[in-house]
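This report refers to the structure that appears directly beneath it.
What follows is calculated from the coordinates using simple rules that are stated; it is not laboratory data. Keep in mind that this is a model prediction, so the values were computed, not measured. Here Cβ is always computed from backbone atoms with ideal geometry, including for glycine, and neighbour counts include all displayed protein chains.
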Amino acid sequence: MRHGKYPLLLAFLLPPLAIYGYFVVSPYAQTFLVAATDWQGLSPDYNFVGLDNFKRLWHDEYVWNALLHNVWLLLLLPVLTIALSLFLATMLNVGGRGGRGTVRGVRGSGIYKVVYFAPQMLSVSIIGVLWTQIYDPRGGLLNGLLRAVGLDGLAQVWLGDPNFAFWALLAVMVWSNVGFYVVLFGAAMQAVPRDIYEAAALDGAGRTRTLLRITVPLLWDTIQVAWVYLAIIAMDGFAIVQIMTRGGPDFSTDVVGERLYDTSFGESKFGYGSAIGVVMFFLTLSITVLALRVTRRERIELS
Amino acid sequence: MSEAVSTASTRPATRARTRVGRGALVDGTLNVFSHGFLVLWALMTALPLLWAALSAFKSDDEILSDPWGLPSELRWSNFSRAWTHGHIGLYFLNTGIVLLGSLTLTMLLGATAAYALARYEFRGNRLIYFAFVGGMMFPVVLAFVPLFFVVRNAGLLDSLPGLMLVYTAYSLPFTVFFLTAFFRTLPTAVSEAALIDGCGPFRLFFRVMLPMAKPGLISVGIFNFLGHWNQYLLPVVLLKNDDKYVLAQGLAALAVSEGYRGDYSRLFAGLTLAMLPVLVVYAVFQRQVQAGLTAGQMK
């Protein structure tokens, strides 16, 4: 066996490592190098400018504006998505209570899960295009609904109004993520022994109390994972913004990823764009570490 | 009610009885309330999708004047216009070609790498593992600028094989991570028996270990299929020629151009066509899909 080990290792590891190194590791690493240049992309000429890009970045109000939107997303997206998913998952999995003090899933919970999860199948471009149409001021579903119930005054140019565009985007991000976490939390709830819920029900704990005192602590590991993933999505958020608003109107939905893309591929300032990327890299890294730290708690072992 | 209390509870019966009794009353109204929420969210999820499908049959006029109305007739021609003039058919073909290559390559390279990392001890094993897994942490947008030039220098810009390689590279972290964990759980007794019977290490992998890893391969295969099918950002950077566009990218481009032309019916038809395959796959394999997608997040 021993002599056969290295041919296999070489054959099995070299091709994936080569592709991974060439297309993933080296671009990430090069971002750091390019960030220290004034490269404009068209010519191969560039100068090393050290930390100049970062100094400029510090005073770039557009970058700060974009970052502020990422921070808002970071605060709101995980909280809203997790709260809504936990609520729906609770209703589905332990919401139905028989008259006998037993706890069970609500009737038809399987169908609900299938429907809720469906947006997870769709690409970000389908979601973006679909919701752009829903928000359409003339033929959109949303304004159509408002007019149908006589609330014509509330109809808006949702994506064209700086006051609403960001919130409209946030709603889409929550909408597209909730179903996934309903299923994720649902699976975790299935692992909680039924007797715990039944005991709580017998002791007279209401639904809210059961959710906050039993479900949340028992699901903490899963919630933590959800938090980290949603935080990463919030720091990114580029794809949906690029499709729906391109950061507009009047930069009211700009995010750091969109800045990076516009600066690099729109204005051909590849050095400066990469500097934005480097900042984003460290922000994402620290937020992930922070999210893991802050949410760390004693793990509850289920026997 | 009293039966449940007396059998299930060891607590003072009176206390439990009053509490449970009150709880049941409140539950009656709460059930309506909670069902209401569940139905509301189901509507909020399903209505937009149904609306898009219905709008695909409408005329532009109907779409603009009556968003909640039904189409006056089934205009199938919207779909054929989207398929040909909207190039949705071409985008489907491109996506299919890319997927054929990228999925095969991802599964092959991911499984071999994961197997080597899971079942062999050698110097640098951990290092390679973490190099792969670390790739899951960062948004792909960070690598955009250099990636564009790396691909251009390799002469692979605007080429479907280039996109296959890039998809594969960016799918390896999760695939290796997931399959390494999976290969570790497989029993060693089987492979030892095969080796004693004179089976070579390569044969062992392809004839014994791969078939044993089938459930894991299916999960990660579904995950990668959806990821590659829905990929939007990588093609946006790497494909500039609209003959080469993949579906997700082509649809977004169509939305921009139809916005100027005002041809909404064609856009909705394209949107519906683009949604259909994944939703059909989902309807057929929903259990595996849900399991495959959520399993990855739990490790």
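Once Rh is set to the Kirkwood radius over Cα pairs, what Stokes-Einstein translational diffusion coefficient, in µm²/s, holds for the stretch B:114-270 at a temperature of 37 °C and a viscosity of 0.692 mPa s? The Stokes-Einstein estimate is 177 µm²/s. Scattering from the stretch A:8-56 was approximated by placing one identical point on each alpha carbon and applying the Debye formula without solvent; log10 I(q)/I(0) at 0.13, 0.32 1/Å stands at -0.47, -1.08. Counted over the protein assembly as shown with a bin width of 10 Å, the fraction of Cα pairs per bin, in whole percents, is 3, 15, 23, 25, 19, 10, 4, 1, 0.
Counting each DSSP H run of 4 or more residues in chain A as -39500 (n - 2.57), what helix-only mean residue ellipticity at 222 nm follows after dividing by all residues, to the nearest 500 deg cm²/dmol?
For chain A, the value works out to -20000 deg cm²/dmol.
For a straight C-alpha distance cut-off of 28 angstrom, the lysines reachable from A:Lys269 (same-chain residues fewer than eight places away being disregarded) are A:Lys55, B:Lys240, B:Lys244. On a C-alpha basis, how far is the centre of the stretch B:231-249 from the centre of the stretch A:101-168 in Å? Whole number, if you could? Each part's Cα centre sits 27 Å from the other's. Between the stretch B:139-203 and the stretch A:1-66, the alpha-carbon centres lie 19 Å apart. Of A:Ile196, A:Ile127, A:Ile82, the residue with the greatest mean-square motion in the GNM of chain A, using alpha carbon springs below 10 Å, is A:Ile196.
For the stretch A:61-294, the ratio of Cα radius of gyration to the globular rule of thumb 2.2 N^0.38 Å stands at 1.18. Using the Karplus relation 6.51 cos²θ - 1.76 cosθ + 1.60 with θ = phi - 60°, the per-residue 3J(HN,Hα) values for the stretch A:70-78 come to 4, 5, 4, 4, 4, 7, 8, 4, x Hz, with x marking Gly and Pro.
Springs join every pair of Cα atoms under 10 Å in this Gaussian network model of chain B, and among B:Asp66, B:Asp263, B:Asp242 the largest mean-square fluctuation is at B:Asp66. The amide H of A:Thr37, built 1.01 Å from its N in the peptide plane, has A:Val49 as neighbours under 5 Å, considering only residues 5 or more places off or on other chains. Each distinct pair of alpha carbons in chain B adds a 1/r term; the inverse of their mean, the Kirkwood radius, is 23.5 Å.
With bins 10 Å wide beginning at 0, the percent of Cα pairs of the stretch A:175-293 falling in each bin runs 12, 29, 25, 17, 12, 5, 1.
Along its three principal directions, the equivalent ellipsoid of the stretch B:146-236 from the Cα gyration tensor extends over semi-axes of 35, 15, 10 Å, largest first. Look at the stretch B:127-139: the mean tally of other chain Cβ atoms within 10 Å of its residues' Cβ atoms is 4.
The GNM of chain B, with springs linking C-alpha atoms under 10 angstrom apart, assigns the highest mean-square fluctuation among B:Leu109, B:Leu165, B:Leu64 to B:Leu64.
The mean count of C-beta atoms from other chains within 10 Å of the C-beta of residues in B:33-42, rounded to a whole number, is 6. Within a straight-line Cα-Cα reach of under 18 Å, B:Lys58 can be paired with the following aspartates and glutamates, leaving aside sequence neighbours fewer than 8 residues apart in one chain: A:Asp136, B:Asp66, B:Glu73, B:Glu258, B:Asp263.
Once the mean of 1/r is taken over each pair of separate Cα atoms and inverted, the stretch A:60-197 shows a Kirkwood hydrodynamic radius of 17.4 Å. Derived scalar couplings between HN and Hα for the stretch B:262-277 equal x, 8, 6, 4, 5, 5, 5, 5, x, 4, 5, 4, 5, 6, 4, x Hz in order, rounded to whole Hz, by the Karplus curve 6.51 cos²θ - 1.76 cosθ + 1.60 (θ = phi - 60°), x for Gly and Pro. Label separation (B:Lys240 vs B:Asn153): 1.8 nm, computed from points 7 Å beyond Cα along the C-beta direction.
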